[in-house]
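J.: Pasting a structure here, questions to come.
Quick note: the coordinates plus some simple rules give every number you see, no bench work behind them. Small disclaimer: the values here were computed from a predicted structure and weren't measured. Backbone-built Cβ (ideal geometry, glycine too); neighbour counts: all protein chains shown.
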């Protein structure tokens, strides 16, 4: 791991342990084993480190999406993939994505940090809302809307359908964050949710 990556990794650990506001550049530099002036050669500020952590996290997700043979960022491309996926494959894909979000160390530490800091810092609360509410609903809304337009799903309210799909998944993720012992039951509920969603919205395969 090079120095720039070590800075991000140690910063994320400190943010998750102590909170963003209580971590200083000197603290990060000390954990990496360098002096603060040396850290500034890589990142100009703590905010720049935070922004790089988000970029790294999003990049890791796109790599995971590629490994699962989906795009992850382009709703139009993914609509073409999803319309040919049968229900069992859809359950498998949903489960693998859920497990990634739950267990990927980088993503898990970032979510922990934002969960704590959202109550202390308005800017970080906004990041939390964007990362875990607004962006997923926007992407999934576009994806599901395309599937409705193509006759794969049936609804007269895509926004509510999107909430029906995403909200239980988000809820199960937060449950497992707090109580890992509920993972097995949550995965069973996730499968039942995906299958019930298909029934509710009349999913067909083309």
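J.: Whole angstrom only: what separates the Cα centroid of segment 38-90 from the Cα centroid of segment 142-204?
T.: Comparing the Cα centres of segment 38-90 and segment 142-204, I get a distance of 20 Å.
J.: Relative contact order for segment 1-52 using alpha-carbon pairs under 8 Å, separation at least 6, rounded to a whole percent?
T.: 39 percent
J.: Also, quick follow-up: Using Cα atoms only, what is the angle between the long axis of helix 183-200 and the major principal axis of the chain, expressed in degrees (0 to 90) to the nearest 10?
T.: Tilt relative to the chain: about 40 degrees.
J.: I've got another one for you. Between residue 157 and residue 45, what is the label-point separation in nm under the 7 Å Cα-to-beta-carbon projection?
T.: Result: 4.3 nm between the two label points.
J.: Still on this model: Determine the calculated [θ] at 222 nm for the chain from helices alone, applying -39500 (n - 2.57) to every DSSP H run no shorter than 4 residues and normalising by the residue count; nearest 500 deg cm²/dmol. Working shown, then result.
T.: On the way: 11 runs with 151 residues, N = 206.
So the helix-based figure for the chain works out to -23500 deg cm²/dmol.
J.: What is the log10 of I(q)/I(0) for segment 68-200, computed with the Debye formula using one identical point scatterer on each Cα and no solvent, at q = 0.14 Å⁻¹?
T.: At q = 0.14 Å⁻¹ the computed log10 ratios are -0.68.
J.: Something else now. Would you order 2, 27 from fewest to most other beta-carbon atoms within 10 Å of each residue's own beta-carbon?
T.: 2, 27
J.: Also, quick follow-up: What would the Debye formula give as log10 I(q)/I(0) at q = 0.13, 0.20, 0.23 Å⁻¹ for the alpha-carbon point model of segment 37-87, no solvent?
T.: Debye intensities relative to I(0), on a log10 scale: -0.48, -0.73, -0.83.
J.: Further question on the same structure: Return a whole-number percent for the relative contact order of segment 68-200, with Cα pairs under 8 Å and 6 or more residues apart as the contact set.
T.: The normalised contact order for segment 68-200 reaches 28 percent.
J.: I'd like to know how segment 61-112 sits against the 2.2 N^0.38 Å rule of thumb: what's its Cα Rg over that expected value?
T.: 1.21
J.: Rank these for me by crowding, 42, 84, going from fewest to most other beta carbons within 10 Å.
T.: 84, 42
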